[in-house]
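Asks: So that we are looking at the same thing, I have put the structure below in structure tokens.
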Amino acid sequence: MRKIFNFIWVRNRTSLTLLGFLILWQLVVTVFRIREFILPSPLSAILHLFFRQPDANYHWIKNISATLFEILIGFTVTVLLGIMIAVIVSWSQLSRRFFIPLFIFVNSLPIVAIAPIILLWLGYGIYTNVLIAFLVSFFPMVINTTTGLNKVDEDLLDLVRYHRGSKWQVLIKIRFPNSLPYIFSGLKICSTMCVVGVIVGEFVASDKGLGYIIINSQFTLDTPPIFAALIVIAVMGLGLFGLVSLLERIIIPWHGSVNG
Amino acid sequence: MPNTPLISIRGLKKIFTTLTGEKIEALENIALDIYPGEFVSIVGPSGCGKTTLLKILAGLVQKDGGEIKVDKESFDPTREVGFVFQKPLLLDWRKVIDNVLLPIEILKINRASMFGRAQELLELVGLKGFEKAYPNELSGGMQQRVSIARALIHDPKLMLMDEPFGALDALTRERMNLELLRIWREAKKTVLFVTHGIAEAIFLSDRVAVLSARPSTVVTALDIHLSRPRTLNVRTSPEFGKLSMKVYDSLEMV
Ligand SMILES: Nc1ncnc2c1ncn2[C@@H]1O[C@H](COP(=O)(O)OP(=O)(O)O)[C@@H](O)[C@H]1O
Ligand SMILES: [Mg+2]
């Protein structure tokens with residue numbers, strides 16, 4: 001209970017920092033009288049979310065939920081597939097030798113360059129964006145989990161082996177729980193990269209979502225909605241990261257070095 | 001003493017190859033019989049292969065020669081061995097009670113039916129009330145006592161114990177020695193006990209096997225005819241002194 005209380009306090013400090021940043025931004029814009037289409041004030045950007053503009057309708061609710069949905073699906077898919085892939089990869093020396101170079105190759109492909117190909121194959125819509133999110137964020141998930149599965153004190157494995165336990169039991173009883181702290185640090189990186197992936201997907205191939213709003217407003221030089229979208233994206237990224245950190249406290253209370 | 005050994009070891013050999021390709025002959029020629037219900041201790045210089053011997057018996061290390069005969073009629077070596085390792089080797093993510101129940105899960109025995117037994121064993125090793133603690137909340141000595149409870153949970157016939165009390169303070173160690181003798185007597189276990197302490201070995205055992213330095217052989221296997229049940233003051237008796245001298249002498253020889 002105290003842990004969770006502490007946690008909320010730490011989170012609040014993060015929100016305070018964020019609030020401080022927004023105030024500074026507001027001041028800079030007001031004091032230097034920066035023109036709105038260069039840099040709108042955060043207030044004006046945020047107001048765009050709540051008040052219908054006379055000249056355009058951004059359908060915020062529809063677009064925010066589209067992006068949020070894609071992020072959640074993309075994150076879930078990446079996490080589940082990432083862990084499954086890591087289990088397969090770490091199962092034997094042979095599969096490690098085969099898969100790791102392959103992943104390094106895929107991970108080093110410039111995503112913006114292959115996004116149009118994915119669009120060509122899968123067309124507009126959620127599949128494309130989820131796949132792009134996956135390609136952008138699976139690598140830290142797989143590498144972290146694989147490291148955790150393999151970085152086990154060999155002597156611990158003897159505990160299972162002397163009872164003639166199976167390789168599967170070694171995985172379930174020792175390797176997987178041992179990898180949880182690594183999985184969580186993977187999840188944290190993955191949570192922010194997934195958001196980036198989805199937005200990139202929407203840039204390239206979408207008819208809705210916050211990435212779509214950004215691209216669209218760019219054409220019309222309507223800057224405030226771009227910043228409004230950026231603020232919402234940042235909040236989503238922070239929210240997902242916070243959710244992961246909260247889960248970490250609940251799921252691995254035995255792990256001392258939980259960091260915020 | 002029953003005439004069929006539970007385990008009979010002859011000409012046991014183990015040669016390790018290090019990463020650099022160097023050969024280390026750990027066990028040269030080990031011969032030892034362990035009879036059912038016997039308490040046998042192994043003493044020997046550091047690095048002579050005591051841990052290796054226990055691990056070979058537990059099937060964790062492959063032997064490179066010799067034979068180990070197991071009385072399969074009275075003993076199933078895959079399910080009836082309890083190993084107390086030199087380090088506690090507790091799983092950080094499991095509470096104390098769940099660490100004790102680990103062998104039950106591996107052996108696919110119903111967990112709920114063993115819960116009471118796990119609590120009894122924790123009480124036995126003096127850790128009543130710590131069931132819900134995590135290992136990193138315990139001292140080194142407490143952790144090792146959890147690992148002893150864990151090695152007993154599946155009621156093994158043969159206990160392999162690798163310097164289990166090495167990390168304990170003297171008082172706890174004496175208490176654990178007495179408890180171990182009580183468990184051994186009441187539960188009719190066979191114990192193979194590795195230790196650095198010559199007094200501890202004599203106090204506990206029916207027989208003390210002295211190993212030579214690497215490459216090791218059994219130099220002597222000394223019968224300990226002190227009467228049982230033993231109390232701590234047996235250690236001040238003249239016979240005890242004589243036996244200690246004998247063990248020291250055979251260790252000197254090597
Ligand atoms: N896996 C291994 N690879 C190489 N050498 C080993 C290995 N295990 C043990 N040894 C060597 O074998 C010898 C005996 O080790 P060990 O059985 O741990 O000795 P003890 O328990 O009597 O102190 C030591 O010299 C040790 O360095
Ligand atoms: Mg040893």
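Asks: For residue A:56, which of the numbered conditions (1) open to solvent by 40 Å² or more (accessible area, probe 1.4 Å); (2) in contact (Cβ under 8 Å) with a residue 40 or more places away in the chain; (3) among the aliphatic types (A, V, I, L, M) fails to hold?
Replies: All conditions are met except number (1).
Asks: Of the conditions (1) open to solvent by 10 Å² or more (accessible area, probe 1.4 Å); (2) within 16 Å of ligand 2 (Cβ to nearest atom), residue B:188 clears all except one; give me its number.
Replies: Going through (1) open to solvent by 10 Å² or more (accessible area, probe 1.4 Å); (2) within 16 Å of ligand 2 (Cβ to nearest atom) one by one, residue B:188 breaks only (2).
Asks: Same structure again: When you scan the stretch B:103-131, how many residues do you find that are within 13 Å of chain A (Cβ to nearest Cβ) and touching a helix residue (DSSP H, G or I) at 6+ places or on another chain (Cβ under 7 Å)?
Replies: Residues of the stretch B:103-131 that are within 13 Å of chain A (Cβ to nearest Cβ), as a first pass: B:103-109, B:111.
Pick out the ones that are also touching a helix residue (DSSP H, G or I) at 6+ places or on another chain (Cβ under 7 Å) and you get B:103-106, B:111.
Looking only at that region, the number is 5.
Asks: Next question, about the same structure. Does residue B:58 satisfy the criteria of being within 12 Å of chain A (Cβ to nearest Cβ), out of contact with any Ser or Thr (no Cβ under 8 Å at 6 or more places or on another chain) and of a type in the set (Gly, Ala, Ser)?
Replies: Numbers: within 12 Å of chain A (Cβ to nearest Cβ): yes; out of contact with any Ser or Thr (no Cβ under 8 Å at 6 or more places or on another chain): yes; of a type in the set (Gly, Ala, Ser): yes.
When the stated conditions are applied, residue B:58 passes them.
Asks: For the stretch B:12-36: of the residues being crowded, with 17+ Cβ neighbours inside 10 Å and among the β-branched types (Val, Ile, Thr), which is nearest to ligand 2 (Cβ to nearest atom)?
Replies: B:30
Asks: Name the single residue, out of those in the stretch B:42-58 being open to solvent by 10 Å² or more (accessible area, probe 1.4 Å) and of a type in the set (Val, Ile, Thr), that is farthest from ligand 2 (Cβ to nearest atom).
Replies: So, considering only residues that are open to solvent by 10 Å² or more (accessible area, probe 1.4 Å) and of a type in the set (Val, Ile, Thr), the one farthest from ligand 2 (Cβ to nearest atom) is B:56.
Asks: Then there's this: Just give me the residues in the stretch B:65-89 being over 20 Å from residue B:30 (Cβ atoms) and polar (S, T, N, Q), in sequence order.
Replies: B:74, B:78
Asks: Okay, next question. Could you identify the single residue in B:216, B:147 that is within 14 Å of chain A (Cβ to nearest Cβ), buried (at least 16 other Cβ atoms within 10 Å of the Cβ) and within 16 Å of ligand 2 (Cβ to nearest atom)?
Replies: Residue meeting the stated conditions: B:147.
Asks: I'm checking my understanding of the structure. Among residues of the stretch B:153-173 that are open to solvent by 10 Å² or more (accessible area, probe 1.4 Å) and among the aliphatic types (A, V, I, L, M), which one is nearest to ligand 2 (Cβ to nearest atom)? Steps first, please.
Replies: Step one: of the stretch B:153-173, the residues open to solvent by 10 Å² or more (accessible area, probe 1.4 Å) are B:154-155, B:157, B:163, B:166-173.
The next check asks that each one be among the aliphatic types (A, V, I, L, M); those that pass are B:167-168, B:170-171.
On the way: B:167: 13, B:168: 16, B:170: 21, B:171: 24 Å.
If we take residues in the stretch B:153-173 being open to solvent by 10 Å² or more (accessible area, probe 1.4 Å) and among the aliphatic types (A, V, I, L, M), then B:167 is nearest to ligand 2 (Cβ to nearest atom).
Asks: Quick check on the stretch B:64-89: of everything there that is of a type in the set (A, V, I, L, M, F, W, C) and open to solvent by 30 Å² or more (accessible area, probe 1.4 Å), which residue is farthest from residue B:125 (Cα to Cα)?
Replies: We begin by selecting, within the stretch B:64-89, every residue of a type in the set (A, V, I, L, M, F, W, C); these are B:68, B:70, B:75, B:81, B:83-85, B:89.
Within this subset, residues satisfying the condition of being open to solvent by 30 Å² or more (accessible area, probe 1.4 Å) are B:68, B:70.
Details: B:68: 32, B:70: 30 Å.
By that ranking, first place goes to B:68.
Asks: Still on this structure, please answer the following. Among the residues of the stretch B:221-230, is there at least one that is open to solvent by less than 20 Å² (accessible area, probe 1.4 Å), touching an Asp or Glu at 6+ places or on another chain (Cβ under 9 Å) and within 16 Å of ligand 2 (Cβ to nearest atom)?
Replies: Within the stretch B:221-230 (the criterion being open to solvent by less than 20 Å² (accessible area, probe 1.4 Å), touching an Asp or Glu at 6+ places or on another chain (Cβ under 9 Å) and within 16 Å of ligand 2 (Cβ to nearest atom)), the answer is no, since none of the residues qualifies.
To keep it simple, each residue is scored yes or no on (1) touching a strand residue (DSSP E or B) at 6+ places or on another chain (Cβ under 9 Å); (2) among the small types (Gly, Ala, Ser).
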residue	(1), (2)
B:31	yes, yes
B:58	yes, yes
B:67	yes, no
B:74	no, yes
B:86	yes, no
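Asks: Follow-up. For residue B:48, only one of the following conditions fails: (1) within 8 Å of ligand 1 (Cβ to nearest atom); (2) within 14 Å of chain A (Cβ to nearest Cβ). What is its number?
Replies: (2)
Asks: Here is a list of conditions, (1) in contact (Cβ under 8 Å) with a residue 40 or more places away in the chain; (2) more than 16 Å from ligand 1 (Cβ to nearest atom); (3) more than 14 Å from chain A (Cβ to nearest Cβ), and residue B:187 meets all of them except one; can you say which number that is?
Replies: Failed condition: (1).
Asks: Answer yes if at least one residue in the stretch B:223-238 is closer than 27 Å to residue B:72 by Cα and not basic (Lys, Arg), and no otherwise. Working first, answer last.
Replies: First pass over the stretch B:223-238, keeping only residues closer than 27 Å to residue B:72 by Cα: B:223.
This time we only want the ones that are not basic (Lys, Arg), so: B:223.
Yes, that holds for at least one residue.
Asks: Is it true that some residue in the stretch A:214-222 is within 29 Å of residue A:114 (Cβ to Cβ), charged (D, E, K, R), modelled with pLDDT under 95 and open to solvent by less than 40 Å² (accessible area, probe 1.4 Å)? Talk me through it step by step, then tell me what you get.
Replies: From the stretch A:214-222, those within 29 Å of residue A:114 (Cβ to Cβ) are A:214-220; that's our starting set.
Filter once more, keeping what is charged (D, E, K, R): none.
So far as the stretch A:214-222 goes, no, none of its residues is within 29 Å of residue A:114 (Cβ to Cβ), charged (D, E, K, R), modelled with pLDDT under 95 and open to solvent by less than 40 Å² (accessible area, probe 1.4 Å).
Asks: From A:172, A:189, A:233, grab the single residue that is under 27 Å from residue A:43 (Cα atoms), aliphatic (A, V, I, L, M) and open to solvent by 20 Å² or more (accessible area, probe 1.4 Å).
Replies: On the way: A:172 fails: under 27 Å from residue A:43 (Cα atoms); A:189 fails: under 27 Å from residue A:43 (Cα atoms).
Going through A:172, A:189, A:233 in turn, the sole match is A:233.
Asks: Please go through (1) open to solvent by less than 20 Å² (accessible area, probe 1.4 Å); (2) within 16 Å of ligand 1 (Cβ to nearest atom) for residue B:39 and return the number of the only condition it doesn't satisfy.
Replies: (2)
Asks: Now a separate question. Please list, ordered by residue number, the helices (runs of 4 or more DSSP H) wholly in the stretch A:93-168 having 3 or more residues that are buried (at least 17 other Cβ atoms within 10 Å of the Cβ), within 14 Å of another protein chain (Cβ to nearest Cβ) and in contact with a Phe, Trp or Tyr (Cβ under 9 Å, 6 or more places away or on another chain). Even if it seems obvious, please write down each step before you answer.
Replies: Numbers: elements: A:93-108, A:111-122, A:126-150, A:154-161.
The helices (runs of 4 or more DSSP H) meeting that bar number zero.
Asks: Quick one: would you say residue B:96 is closer than 24 Å to residue A:155 by Cα, in contact with a strand residue (DSSP E or B) (Cβ under 6 Å, 6 or more places away or on another chain) and either buried (at least 21 other Cβ atoms within 10 Å of the Cβ) or within 14 Å of chain A (Cβ to nearest Cβ) (or both)?
Replies: Details: closer than 24 Å to residue A:155 by Cα: yes; in contact with a strand residue (DSSP E or B) (Cβ under 6 Å, 6 or more places away or on another chain): no; either buried (at least 21 other Cβ atoms within 10 Å of the Cβ) or within 14 Å of chain A (Cβ to nearest Cβ) (or both): yes.
In short, no.
Asks: Exactly one condition in (1) within 16 Å of ligand 2 (Cβ to nearest atom); (2) crowded, with 21+ Cβ neighbours inside 10 Å is false for residue B:61; which is it?
Replies: Among (1) within 16 Å of ligand 2 (Cβ to nearest atom); (2) crowded, with 21+ Cβ neighbours inside 10 Å, residue B:61 violates only (2).
Asks: Next up: Quick check on the stretch B:174-182. Is at least one of its residues open to solvent by less than 50 Å² (accessible area, probe 1.4 Å), under 13 Å from residue B:40 (Cα atoms) and within 16 Å of ligand 1 (Cβ to nearest atom)?
Replies: no
Asks: Sticking with this structure for a sec: Where in the stretch B:92-173 are there helices (runs of 4 or more DSSP H), lying wholly inside it, with at least 2 residues that are more than 16 Å from ligand 1 (Cβ to nearest atom) and within 19 Å of residue A:165 (Cβ to Cβ)? Explain how you work it out, then say what you get.
Replies: On the way: elements: B:96-100, B:102-106, B:115-124, B:140-152.
Of the helices (runs of 4 or more DSSP H) lying wholly inside the stretch B:92-173, those with at least 2 residues that are more than 16 Å from ligand 1 (Cβ to nearest atom) and within 19 Å of residue A:165 (Cβ to Cβ) span B:96-100, B:102-106, B:140-152.
The values are calculated or read from the model by the stated rules, or taken from the named source; none is laboratory data. In this text the structure is predicted, and so the values were computed from the model without any measurement. Counting neighbours? That spans all protein chains shown, and the Cβs are built from the backbone with ideal geometry, glycine included. All accessible areas refer to the heavy atoms of the entire protein, side chains included, with ligands and DNA or RNA removed. Shrake-Rupley method; radii C 1.70, N 1.55, O 1.52, S 1.80 Å.
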